[in-house]
Amino acid sequence: LVLSAALEHEWFAWIITVVLLASLLMIMSMARTGSVIFYRTLAEDPHPSSTPGEPLNRMAFIAVLGLFSASPVLVLFAQPITTFTESAANQLFNSSAYIEAVLSAPAVTEANKQ
């Protein structure tokens with residue numbers, strides 16, 4: 001969506017360059033982080049009776065699983081999600097409709113509550 005919108009802008013070459021370079025750097029950093037995490041070697045423990053590693057943080061594990069499971073959902077429902085977010089953005093930019101809705105509503109008083 002960002003690249004599609006950039007095609008209509010006068011600085012589209014700069015926008016596309018920045019977005020693609022940022023994406024490349026993100027992929028490189030994620031690959032580096034993944035290789036450090038998954039291929040990390042543990043130093044020899046001078047006290048073999050101690051337990052190696054740190055205990056698993058269950059909340060972080062659940063959060064990671066939630067994010068991983070959200071990715072396919074976002075891919076499968078991309079069109080409805082995009083339509084919803086565009087509709088929400090249009091409503092946010094249409095401040096006159098919001099102002100009219102707020103000002104036309106009847107006032108809430110103690111007599112109205114009962």
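For this structure, a couple of remarks:
- Of the residues M59, M28, the one with the largest accessible area comes first in the ranking M59, M28, computed with a 1.4 Å probe on protein heavy atoms.
- The heavy atoms of E110 present about 130 square angstrom of accessible area, all protein chains included, probe 1.4 Å.
The values are calculated or read from the model by the stated rules, or taken from the named source; none is laboratory data. Treat the numbers as computed from the prediction; the structure is a model and nothing was measured. To get the accessible areas, we keep the full protein, side chains included, count just its heavy atoms, and leave off ligands, DNA and RNA. Shrake-Rupley method; radii C 1.70, N 1.55, O 1.52, S 1.80 Å.
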